[in-house]
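Visitor: Have a look at this one before I ask anything.
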Amino acid sequence: MAERSSTGLLMMMLDPSPAIAMTLPAEVREKLAELELELSEGDITQKGYEKKRGKLLAPYIPQIQGVDPSLQIEHRIQTSSQVAPPGSKQNKPRVANSRDECFRSDLHTEAVQAALAKYKERKMPMPSKRRSVLVQSSVEACTPPDTSSASEDEGSLRRQGRIASSSPYQAHPSVEHWFNRVIQGSSTSSSASSTSSHPGGRPHHATNTTSASAATVLADLMAHTQLDNHSAPPDVTGLSERSVHAERPQVASMRGLPRGYTHTSVMETADGVPVNSRVSSKIQQLLNTLKRPKRPPLREFFVDDFEELLDVQHPDPNQPKPEGGEMRPLNGDPLGVVTNWPPSLLASLQRWGTTQPKSPCLTALDNAGKPIYTLTYGKLWTQSQKLAYTLLNKLSTRNEPLLRPGDRVALVFPNNDPVMFMVAFYACLLAELVPVPIEVPLTRKDAGSQQVGFLLGSCGVTLALTTDACQKGLPKAQTGEVVTFKGWPRLLWFVTDGKHVAKPPKDWHPPIRDACNEIAYIEYKTSKEGSTMGITVSHSAMLAHCHALTQACGYTEGEIITNVLDFKRDAGLWHGVLTSVMNRMHVISIPYSLMKVNPLSWIQKVHTYKARVAVVKSRDMHWSLLAQRDQRDISLSSLRMLIVADGANPWSISSCDAFLNVFQARGLRPEVICPCASSSEAMTVAIRRPPEMGVPPPGKAVLSMSGLSYGVIRVDTEEKLSVLTVQDVGQVMPGALVCVIRLEGTPYLCRTDEVGEICVSSSSTGISYYGLPGMTKNVFETIPVTSSGAPISDRPFTRTSLLGFIGPDNLVFVVGKMDGLMVVSGRRHNADDVVATALAVEPMKFVYRGRIAVFSLSVLHDERIVVVAEQRPDASEEDSFQWMSRVLQAIDSIHQVGVYCLALVPANTLPKAPLGGIHISETKQRFLEGALHPCNVLMCPHTCVTNLPKPRQKQPGTEVGPASMIVGNLVAGKRIAQACGRDVSQLEDNDQFLYMQDVLQWRAQATPDHPLFLLLNAKGTVANTASCVQLHKRAERVAVALMERGRLNTGDHVALVYPPGVDLIATFYGCLYAGCVPVTVRPPHPQNLTTTLPTVKMIVEVSKSVCILTTQAIMKLLKSKEAAAAVDIKTWPLILDTDDLPRKRIPQIYKPPTPEMLAYLDFSVSTTGILAGVKMSHAATSALCRSVKLQCELYPSRQIAICLDPYCGLGFALWCLCSVYSGHQSILVPPLELETNPSLWLSAVSQFKVRVTFCSYSVMEMCTKALGSQTEALRLRSVNLSCVRTCMVVAEERPRITLTQSFSKIFKDLGLSSRAVSTTFGCRVNVAICLQGTSGPDPTTVYLDMRALRHDRVRLVERGSPHSLPLTESGKILPGVKVIIANTETKGPLGDSHLGEIWVSSPHNATGYYTVYGEEALHADHFSTRLSFGDTQTVWARTGYLGFLRRTELTDASGERHDALYVVGSLDETLELRGMRYHPIDIETSVIRSHKSIAECAVFTWTNLLVVVVELEGSEQEALDLVALVTNVVLEEHYLIVGVVVVVDPGVIPINSRGEKQRMHLRDGFLADQLDPIYVAYNM
């Protein structure tokens, strides 16, 4: 590529003629062809075409004038600035102790800075946070930074950025050319050579200036154009024009198009020549179809279902593919034959213990670094014998020995006691028991402790060995015994210290057998998901591994070795406990606690003991660098091997180089650094040999990160930003056969330039996962095959979970681990690499290095990357946010992958792994459970979720006309969706009474003492009653007062401001008697005047009331000082109190001239926050009462209980009108009283044996929450609900199934029938459309496909199917009511089971809005509209609700088939997002389910963004946990990206009297910044 483009450029520079076209790279030609095609098809304007074409050609014709300046070759790429960037450390001589400078892999940081420079300072919205959340005390915030940076995989996390070698890249056809050889001893040259690795970073000579710089400039420009293009700021609104460009990247360089581009580049050119023949014709066809969506056939007016499916990420046709030949399996050296090699490890222990008893075996150090005890081989032999004897013979239960050979025993030893551990380990081997070493559990809730318990349980462990000190420190139960940890089996704890151990008799000798295939020990390993597995190692494998290590490391008898690693597992165990005994070596064990206090301790011990070998991790090297300033007198010249146990980590190289830089002056020879690669399953896989073995020099590879993400090895020649430098981990172990296989599917061998999983076949690997045969087969018994499918060997291989390849000289290179692998949109990324990039962004200023966790989680069918870091306590909010935004940009530039979520948590709060480091799986678990408690969160779903379904486009021209649609009563082959209640025209019932005032007057004469109303107070006692005559007389007095004191005229409007009670009813009829129009108004709340009083004032003003009737108390309140603060009290109309009115009779009751005259005004605030008053005529009022009477079979001997607000809608009608009309007795329960006595309503129902009762959702919710646990207590108070036949919830919304079901379930114990609860439906235009009533079929429930519903379609599915939404019928249609479903746009009738607007026609429809406050657009057509075709005569009212009718199999009382009406939701409330219609309640239901602390939720849209407001019921620390969970659940279930998450206190979401959320009020509050949120997160 480099050569091709440079020659092309030369030609171009010499001859900038039209012939250039031929020398352009293929991709650019392809783009040009595509542009021509677009122009010819009219997809793009001439101007747009010229602009794009200019952009494409700009890099190749530098002379073109007027090119977009951003595409001019940038100066910072040019040679001059590259030689020595200002302030760079490169040219200065390195000072040994310049602390940060020398081990900051400058280059990576520099690369990151360069990447960040691309992003112009763009302001991102800062999340806002309440102060109290900021001051989160971090746990043990005072720990020194050093301990909190304790990380297992610390290494120097800065990637050894762009280190190439001094020799410039030459093209070799072989694999060799991918590696820059580093000549023996020149690993220091990395810093010096870094200058030359930058494009143009060397002094140019006239001869090669043009070609070379042109080539580098071109390469860089390609990289830049692409990065710029790819990392444009996220398009938050979804409307910006950026999406147009995103379709067509301008320059596609080697590494293929970045994520998110749709590859339209495979279209044919204008001449019909396929541009890219590699693409199959099927895909070609598909792409062509997708480009121009066909109009759907007439029958369905919707885009078909596969459109709805998620975008499938097609593999990039330009992605790099492996090109090498198939790799050959690689054999290690044969295992040498040693004459006196012991037959088993125990034989060797016996030999040294008896022949060299004084020889030192292990020296333990205290936390000050002083040697506290040296275990000799003699001591080790005798003490382990004693313990073995005790375990086998002195522990018994019921005279049975507790342990038998082969039993598993847990070894629980702290990291500062290697001596006791070693004794116990060998004692178990001598007693033929299987030791299972585990970490010391410190608390009951240790990270991963439950999983360890699972391992112990599955291994059947009953005994745990530990030390006295450790046993004392374990948490104890009351009895003094060690507690049983969560998930652990019951264990006996045995202390192995001397006094508990018996001396064996003279004739007892442990059996020393030859190594066999029995299990020797079990090493634990934690998987990526957090589960703990036990890896079994046989005696023969243990011996073979010691043999192989001895040979590879050239161990000799009596050598001294310092071990910094955990001696219980992995390399620490293999070198420091097993192989050391094999060779009678002396181990100096450095405990982790000492390293934390004194990071230099291991170096000091190497110096003091003249150790030949040290086993460390890159973290230990890094720490010692930070502390080495004052140490002058240290010498490392005795070391012949410095084994870097995690040398396989991509970033260990920078630790090694930096360490060498500093300590070479102290005698450290470059060649002694020996990285190795190992895994728990395969043990040591490869190790760099010590120099005396005559091995080839070490190698380094500078690999393209982009290539690696496709699993391909490419030396990076173009982009210096995103490369990974790795070092080799030496040669394969002696006696092993190694190959590299594909990650997925059949284990085919990889090609030579392909990254795969390294597999090993040898006698020294683990043999199984204990008790997991399936996984064992998969991992320990893999049979790799060649491309033809032939097995490469008859021996099974063990997968190592290391990702890598075999380089030149048969050196092994590792580029990552399976555990850290994240596959995002088909590309692989390594968690460690992402960590390194994050840390290169102003490292250590804001977060602790080594306290960063990176993992991926699956959201919406793809992996999403999450980065979690611990924030330093002194970092400010602003700083952290700045750092987070920069990290996102750096990762985006260098890895070309978006980060889904970045969270910062307080210092020391992430779960720790046993030896420092972060417990990743536990962190992930906490993140998913919402238990991480971050103090800062940044979610970026907009940039990284690229597989959302395509937004739905409204199909043009599919409005179906009448002819195609309607034939008789069929619409598109279906019955027209219309239904009606019983016919009332034939009924002669109270017909002489068209006016309510006449009915009351008649009842007062006919049945004067018949009780109509009983009002209950909070105690459940009767507070007030009214018989027919009492009500009549009270109404008369009110009428007289209105006429005499108020001097009102007929037709004047009067506001009634009363608490729920009999007074309200009496004054209502008083107004009718006087010929005035009553308006019922909820009184202001004395404790909350500022919000409730303005509503009262508004209703009074809007309804044009000339007088207010109220009680004395409320009258005082309306005129009080407090009221004056909320409203202008001088403008109240006349206020009359009706407390003690004189007893006067009215001369004559007003009789309206026609029943069409206005009877009363019904004002209510809709859920969208609109105050609307509807006009109810006298005729409509009595028709409404008649319908309710018929439906509920009400007559004077009936009692009904009403627990509703009496101010509007059906609540008002039931409270004030129905009793007077039908003569039944109403027991009135004001809902407010339930706040003090939640059982009031149900007790009343039981006490009066009520058959029919009405309530609201808020009442039902209150009962469910407050009485859920008290049903037993209610039963003892003899509350019995078996009398209830129907309990109806009065609502203007979709039935809340979960609430009604839980209510039924809870009170089933009190005799409530499961069939009793049902819902009603009404709205502004008609307050009662459906009402279950007392007869007729039970309400039915159907299940809808939620995805179809978003497209305004009804698709019924089975219960429990995915994406199903249960919907219950809203009661039975009332007598006299006709309902039809109409298309919202065409106003035509729809068929059965089609979703449309519910239209209603009935005698009790309201006659119109009195005024609609806040929305003048809602007008007459709501009350009088006609179908556009079909029955165009009937006048309908539009309810504003979406729903559908469905004919059921059930029959009505009339014998007809029953038509069920299902209400889906209010049209005003729906959210139009991505071209689809969403109902807020569906999103809210999902959100409430996502975390236990979410009490309530409301959603609305704001500038095309979905805003989710959640009420947090819990500590404020949990606030930020909700952000990610809310985003996840909405993405998963609704395919929507949440734009803003607002976390507020409980009770902030406004709810109206019917219990409906006032989302628009909430939105206004949000926009006016009045919510006082705990946290606001802007998802970017």
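Visitor: Which net charge results when you count Lys and Arg as +1 and Asp and Glu as -1 among the other residues whose beta-carbon is under 14 Å from that of Arg1275?
Guide: Result for the neighbourhood of Arg1275: 0.
Visitor: Further question on the same structure: What full-extension length gain, to one decimal in nm, is calculated for Thr746 and Gln664 as 0.36 nm per residue of separation minus the Cα-Cα distance?
Guide: The Thr746-Gln664 span can extend by a further 24.8 nm.
Visitor: Relative to the present Cα-Cα distance, how much length would full extension add between Lys1019 and Trp341 at 0.36 nm per residue of separation?
Guide: 234.8 nm
Visitor: Read phi for every residue in the range 1238-1255 and hand back ³J(HN,Hα) as whole Hz from Karplus 6.51 cos²θ - 1.76 cosθ + 1.60, θ = phi - 60°, with x for Gly and Pro.
Guide: x, 8, 3, 5, 5, 5, 5, 4, 5, 4, 8, 6, 6, 8, 10, 9, 10, 8
Visitor: Out of all DSSP beta bridges in the range 1497-1580, what portion is antiparallel? Express it as a percent rounded to 5.
Guide: 65
Visitor: Would you please give the residues with an amide H less than 5 Å from that of Leu1344, counting only those at least 5 places away or on a separate chain, with H modeled from the backbone geometry?
Guide: Result for Leu1344 returns Val1357, Leu1365, Leu1367.
Visitor: How many nm separate the modelled label positions at Thr374 and Lys777, each set 7 Å beyond the Cα in the direction of the Cβ?
Guide: 5.4
Visitor: Leaving out same-chain residues fewer than 8 places away, which lysines sit with a Cα under 27 Å from that of Lys950?
Guide: Lys31, Lys52, Lys282, Lys291, Lys294
Visitor: Quick one: net charge of Val1250's neighbours, Cβ under 13 Å, K/R +1, D/E -1?
Guide: In short, +4.
Visitor: Mean shadow of the range 1174-1300, computed from the convex hull of its alpha carbons, in nm²?
Guide: The Cα convex hull of the range 1174-1300, projected and averaged over all directions, gives 8.2 nm².
Visitor: Of Lys1265/Lys1492; Lys394/Lys503; Lys1033/Lys1144; Lys1019/Lys1116, which pairs sit farther than 19 Å apart, going by alpha carbon to alpha carbon?
Guide: Lys1019/Lys1116
Visitor: Kirkwood Rh, Cα Rg: Rg to Rh for the range 311-469?
Guide: 1.18
Visitor: Right, another one. With every protein chain left in place and a probe of 1.4 Å, what is the accessible surface of Trp508, to the nearest 10 Å²?
Guide: 50
Visitor: Straight distance only, please: which lysines reach the Cα of Lys974 with their own Cα at less than 23 Å, same-chain residues fewer than 8 apart left out?
Guide: Lys974 reaches Lys1372, Lys1378, Lys1387.
Visitor: Over the range 997-1108, what is the mean sequence separation of C-alpha contacts under 8 Å (at least six apart), divided by residue count, expressed as relative contact order in percent?
Guide: 24
Visitor: Okay, moving on. Say R0 is 22 Å: what FRET efficiency, to the nearest 0.05, do Glu1532 and Ile1297 get from their beta-carbon distance?
Guide: 0.55
Visitor: May I ask you to order 1431-1438, 904-911, 1275-1282 by the average number of other C-beta atoms within 10 Å around their residues, highest value first?
Guide: Peptide ranking by packing, descending: 904-911, 1431-1438, 1275-1282.
Visitor: Return the distance in nm (one decimal) between the two label points of a simple spin-label model at Ser763 and Ala931, each offset 7 Å from Cα along Cα→Cβ.
Guide: Going by the 7 Å Cα→Cβ label model, 4.8 nm.
Visitor: Dipole of the range 993-1144 (Lys/Arg Cβ +1, Asp/Glu Cβ -1, origin at the Cα centre): which of Ala1123, Pro1133, Val1062 lies farthest to the positive side?
Guide: The residue sitting most towards the positive pole is Ala1123.
Visitor: Under the rule of at least 5 residues apart or a separate chain, name every residue whose amide H is placed under 5 Å from the amide H of Val1538.
Guide: none
Visitor: Which lysines, if any, have their Cα less than 18 Å from the Cα of Lys777, not counting same-chain residues under 8 positions apart?
Guide: Straight-line reach from Lys777, under 18 Å: Lys525.
Visitor: Past 18 Å, Cα to Cα, is the threshold; run Lys596/Lys617; Lys1097/Lys1130; Lys129/Lys924; Lys596/Lys912 against it and keep the listed order.
Guide: From the list (Lys596/Lys617; Lys1097/Lys1130; Lys129/Lys924; Lys596/Lys912), the Cα-Cα distance tops 18 Å for Lys129/Lys924.
Visitor: Applying the Karplus parametrisation 6.51 cos²θ - 1.76 cosθ + 1.60 with θ = phi - 60° to the phi angles of the range 877-890, what ³J(HN,Hα) value in whole Hz is obtained for each residue in order, glycine and proline being reported as x?
Guide: So the Karplus estimates, Gly and Pro as x, are 3, 4, 4, 4, 5, 4, 4, 4, 5, 5, 4, 4, 5, 5 Hz.
Visitor: Rounded to the nearest 20 Debye, what is the dipole magnitude of the range 628-741 about its Cα centre when Lys and Arg each give +1 and Asp and Glu each give -1 at the C-beta?
Guide: That gives the range 628-741 a dipole magnitude of about 280 debye.
Visitor: To continue, here is another question. To the nearest 0.05, what FRET efficiency results for Lys1249 and Arg130 with a Förster distance of 41 Å applied to their C-beta separation?
Guide: 0.20
Visitor: Moving on. Considering amide H positions built from the backbone, and no H for Pro or chain starts, which residues 5 or more places from Ala520, or on another chain, come under 5 Å of its amide H?
Guide: Excluding prolines and chain starts, which carry no amide H, the hits are Val537, Ser538, His539.
Visitor: Quick one: Karplus J couplings for the range 1517-1528, per residue in order, coefficients 6.51, -1.76, 1.60, θ = phi - 60°, nearest Hz, x for Gly and Pro?
Guide: Whole-Hz 3J(HN,Hα) from phi for the range 1517-1528: 4, 7, 3, 7, 4, 6, 4, 5, 5, 5, 4, 4.
Visitor: Separate question: For Gln46 and Glu1472, what does the FRET efficiency come to when R0 = 45 Å and r is the distance between their Cβ atoms, rounded to the nearest 0.05?
Guide: Plugging the Cβ-Cβ distance into 1/(1 + (r/R0)^6) gives 0.85.
Visitor: Below 8 Å, C-alpha to C-alpha, sequence gap of six or more: please give me the relative contact order for the range 735-821 in percent.
Guide: 28
Visitor: Still on this structure, I have one more. Taking 0.36 nm per residue of sequence separation and subtracting the Cα-Cα distance, how much length would be gained by fully extending the chain between Arg328 and Ser1428, in nm to one decimal?
Guide: 388.3 nm is the gain from fully extending Arg328 to Ser1428.
Visitor: Here's a follow-up. From the residues Ala447, Gln356, Cys459, which one has its Cα farthest along the dipole of the range 347-460 in the positive direction, the dipole being from +1 and -1 charges on Cβ of Lys/Arg and Asp/Glu about the Cα centre?
Guide: The listed residue farthest towards the positive side: Gln356.
Visitor: Sticking with this one: Roughly to the nearest percent, how much of the accessible area of the range 1412-1505 is carbon and sulfur, given a 1.4 Å probe?
Guide: So the carbon and sulfur contribution to the accessible surface is 48 percent.
Visitor: If I take every Cα pair under 8 Å that is 6 or more residues apart in the range 642-694, average their sequence separation and divide by the length, what percent do I get for the relative contact order?
Guide: Across the range 642-694, relative contact order equals 38 percent.
The values are calculated or read from the model by the stated rules, or taken from the named source; none is laboratory data. All figures in this text were calculated on a predicted structure; none of them were measured in a lab. Methodologically, a virtual Cβ is constructed for each residue, glycine included, from the backbone with ideal geometry; neighbour enumeration extends over all protein chains shown. Keep in mind that these areas ignore ligands, DNA and RNA; they rest on the heavy atoms of the full protein, side chains included. Shrake-Rupley method; radii C 1.70, N 1.55, O 1.52, S 1.80 Å.
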